[in-house]
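Single-structure report; data block below.
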Amino acid sequence: MLWPALRVLSRGELTSDQLRRLLDMLQLDDAPRVEGPGAAKSIAHRTFADTTGTRLVLDLARTGESGWVLALFFDGEPPSTDTVENHRRLLRDIVERLGLTLIDIAPAATADEVHVPPQEPVGAVESSIGYAWDLPYTDLDQLWMHVGLRRNTPRVVKVVKLREVMGSRIWSVAPPALQRQAESFLQDT
């Protein structure tokens, strides 16, 4: 079974020449991946092994008309941190060279790798239904998992995600202890 080790989501138009260049740069076979999550959207992939013999799959998939997903999958033991970081640098460089817009990288290592959806415009019509904090989280350490982060996620990434949560309307009814923890976390930044 394939598991994702790294996923880079980007957006932009690619000409057929640019797409061919992308496949060549990553040495991808012009055939879709047929196993693992998201295989239905795959358009090209390459299977190889890292220095420990772990089976890895580098994949290119499409999302919509101008969305691109570059992903590194593994089978068995997760790849080393060095392997993931080398691929992070490689894939970020390719996205930049092809003029694509970086949307999100998971797991994120820096603040610019976190996708923050646009906030609702000021003055938007409010719902007549009130908000309720129905999450069991009353502690900041518990909230990280809910927003897709691990405890060892870099602090700069946590700051971006926390500000996103705090900017949502539901935050106004979050438990006061959680709000104080969040404010304290941001003040230490």
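The values are calculated or read from the model by the stated rules, or taken from the named source; none is laboratory data. Quantities reported herein were computed from a predicted structural model and do not represent experimental measurements. Don't worry about glycine lacking a Cβ; one is built from the backbone with ideal geometry, like all the others, and counts go over all protein chains shown. Ligands, DNA and RNA are excluded from the accessible area calculation, which covers all protein heavy atoms including side chains. Shrake-Rupley method; radii C 1.70, N 1.55, O 1.52, S 1.80 Å.
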Per residue accessible area of segment 1-118, 1.4 Å probe, in Å²: 52
Magnitude of the charge dipole, segment 1-41, Cβ model with Lys/Arg +1 and Asp/Glu -1, debye to 20: 200
Helix-derived mean residue ellipticity, 222 nm - over the chain, DSSP H n ≥ 4, -39500 (n - 2.57), to 500: -9500 deg cm²/dmol
Solvent-accessible area, 1.4 Å probe, carbon plus sulfur percent, for the chain: 54
